[in-house]
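One structure below.
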């Protein structure tokens with residue numbers, strides 16, 4: 001093999017994805033799906049097999065089914081998180097909000113409800129891998145329980161926003177992701193493309209309006225004077241910047 | 001008035017009844033007792049009195065005039081009498097007192113051994129509450145002022161003996177009668193007894209009624225789907241039997257509901273795995289039309305599985321209510337659907353905070369909005385803010401629902417024929433879920449037809465009311 005081709009192959013090294021699911025058909029179909037999307041996939045049926053595999057292989061992302069024989073997906077998630085920073089996507093057939101919160105609190109990065117749309121799963125996997133690669137140079141962030149700014153509280157796990165009185169203020173999925181993306185990167189100017197990228201990766205809503213529409217809706221909900229925004233400023237030809245002081249509260253707080 | 005004062009609860013009813021009975025019995029007792037006591041001297045007292053009067057008059061007259069009073073005072077009985085050597089004032093007598101006086105006079109006359117010019121006994125009461133002792137009776141025997149003055153309201157009684165020589169001896173006995181103080185003592189006793197009996201009765205009745213109260217509360221809560229109330233294990237046997245039967249019934253119902261919920265949840269849960277496979281497999285279908293059709297079918301199956309599970313699980317973990325900003329919630333509902341090119345409009349709202357479970361409220365309102373869009377093509381959301389409750393109206397421009405079917409559509413899986421058929425999608429659970437969610441939070445969902453100016457139906461209005469928490 002010529003050296004240039006080898007180099008190219010190394011540069012475009014396929015991300016290695018681990019799938020743990022006890023249903024053989026879903027394992028095979030998901031492997032095919034992700035394989036077709038350009039990933040290298042290894043799928044196993046339970047935690048024991050996963051442990052064996054981890055001794056010899058390294059992975060970039062894990063997709064764990066919650067309902068597994070023996071150790072359930074939550075237990076595997078905790079184990080995996082103890083040894084690795086790789087993104088973990090949980091799959092579950094249970095629609096409970098509590099399940100989602102438990103999974104995210106245990107260190108999962110995403111939570112996909114069965115039956116999932118194949119395209120959405122691929123989009124989320126891609127987004128998580130992209131974000132990991134982006135973050136690679138920086139030290140891994142501590143898991144944040146909530147973000148505070150000017151009396152407001154963002155709870156990224158429960159996906160809740162509360163005002164100074166503690167009243168729940170509802171946001172659409174896109175608005176919430178937008179607010180979180182901006183607040184996590186407060187004082188940094190984010191272009192529309194960057195925002196779109198950050199937001200779409202998480203929700204993958206096919207019908208999202210443009211970022212500007214969502215920003216103006218968000219302003220109406222959180223800004224005291226939406227016409228003269230204090231929190232989300234528009235940067236001419238640049239994008240948007242979150243100007244309020246954001247205090248992250250990690251799990252120990 | 002009586003109806004308003006009559007307590008509605010069992011305990012107070014029984015207590016009131018018991019106290020009422022006690023009072024009635026006491027009143028009857030007092031009345032009977034009073035009626036049986038003669039107003040004049042009793043037979044027993046009159047026998048003693050006649051003998052004493054005759055003895056005292058005879059004995060005094062046997063003494064020389066100067067020694068008479070001293071002799072009288074020396075007699076042991078003197079403490080019950082006052083003496084006066086002059087004519088007493090006349091008393092006014094009632095007819096029956098005239099008869100009693102005549103009878104006593106005859107008795108004393110028969111008992112005395114001396115010869116008297118005149119014996120006259122007047123027994124009666126001083127009219128009204130006049131002076132107890134008429135003039136001339138101020139001299140009271142000195143033995144015991146207390147005892148002598150005690151029977152202040154005795155039957156007034158004067159015996160006048162006139163000797164043949166014209167000497168007058170007036171004797172005024174102080175007979176123990178029903179004194180005011182005795183009446184007060186009696187009243188005090190009655191009241192004390194009544195209060196004590198009432199307290200004991202109240203306590204006893206409360207003990208009997210308390211298990212029933214607990215049972216009533218448990219039944220009422222069970223009716224609303226809450227079966228956490230502990231049941232009474234004490235009280236009368238009948239109450240224990242009812243409590244045990246109710247507990248058994250509650251267990252059976254809970255088991256039945258639990259089985260049903262588990263079954264529905266298991267079915268809809270187990271459907272997810274094959275549905276996931278289908279979703280993954282359908283991606284591999286080459287024919288685009290077929291793929292789209294299969295996707296739609298999977299969507300429908302998924303909706304049924306999801307909504308059935310949701311309907312079965314409504315009672316699960318209600319969770320505490322939260323402070324929810326209604327304006328942003330409605331705006332979010334509308335925006336999310338508008339983003340999917342649905343005609344959902346929400347008028348800008350003044351901020352209204354309600355106390356509710358946000359996810360439940362979002363789902364209930366979401367179902368109503370989706371219904372409006374599916375059947376009426378459009379959903380217009382507005383809010384009526386009242387001091388005690390908030391009403392959220394969702395109007396559509398659809399054909400409405402016949403007035404006699406407005407309630408039917410809330411029943412699970414019920415759909416109306418004609419315009420509302422399966423082609424519009426949905427499972428027939430949306431309204432049932434919305435109403436159950438609203439009711440679980442003390443609110444409700446109602447449907448009404450909006451009428452146009454010409455009386456025809458302009459569309460349907462779904463109203464979700466929510467009480468305002470404190």
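Read the figures in this text as sums done on the coordinates, not as results from a lab. Only a predicted model underlies this, so the values are computations on that prediction, with no experimental measurement involved. Neighbour counts run over all protein chains shown; Cβ positions are idealised from the backbone, glycine included.
From least to most packed, judged by other beta carbons within 10 angstrom and beginning with the fewest, B:119, A:154 follow the order B:119, A:154.
When you look at the Cβ of every residue in B:327-334, what mean number of other chain Cβ atoms sits within 10 Å?
Numbers: counts 4, 13, 4, 1, 8, 9, 2, 1.
Taking the mean over all residues of the peptide, I get 5.
Put in order of Cβ neighbour count within 10 Å, fewest first, the listed residues A:240, B:55 become B:55, A:240. Neighbouring Cβ atoms from other chains, within 10 Å of the Cβ of residues in A:117-124, number 2 on average. Our summary of shape: the Cα atoms of the range A:3-135 have principal axis extents of 50, 32, 31 Å, ordered from largest down, in whole angstrom. Overall, the anisotropy analysis places the range B:278-343 in the oblate class: the square-rooted eigenvalues a ≥ b ≥ c of its C-alpha gyration tensor yield a/c not less than 1.5, with a/b not exceeding b/c.
How much length is gained on full extension from residue B:255 to residue B:29, taking 0.36 nm per residue of separation minus their Cα-Cα distance?
On the way: separation 226, 0.36 × 226 = 81.36 nm, distance 5.88 nm.
Contour length minus Cα-Cα distance gives 75.5 nm.
Provide A:145, A:221, A:114 in ascending order of the number of other Cβ atoms located within 10 Å of each residue's Cβ, fewest first. It would help to have the intermediate numbers written out before the result.
Values: A:145 16, A:221 20, A:114 24.
Ordered from fewest to most neighbouring Cβ atoms within 10 Å, A:145, A:221, A:114 come out as A:145, A:221, A:114.
A simple spin-label model places pseudo-atoms 7 Å from Cα toward Cβ; at residue B:359 and residue A:249 they are separated by 2.1 nm.
Where a ≥ b ≥ c are the square roots of the eigenvalues of the C-alpha gyration tensor, would you call the range A:144-250 rounded, which needs a/c under 1.5, or, failing that, prolate if a/b is larger than b/c, or oblate? Walk me through the intermediate numbers first.
On the way: a/c = 1.40, a/b = 1.19, b/c = 1.18.
In terms of gyration-tensor shape, rounded.
Summarising the overall dimensions of the range B:237-312 from its C-alpha atoms, the Rg and Dmax are 21.2, 75 angstrom.
Please report, in cubic angstrom per residue, the volume enclosed by the convex hull of the alpha-carbon atoms of the range B:322-467.
Values: hull volume 16.6 nm³, N = 146.
Given the Cα convex hull of the range B:322-467, per-residue volume reads 114 Å³.
Working from label points 7 Å from Cα in the Cα-to-Cβ sense, the residue B:286 to residue A:22 distance is 3.8 nm. A crude spin-label estimate for the pair residue B:111 and residue B:197, with each label 7 Å from Cα along the Cβ direction, gives 4.0 nm.
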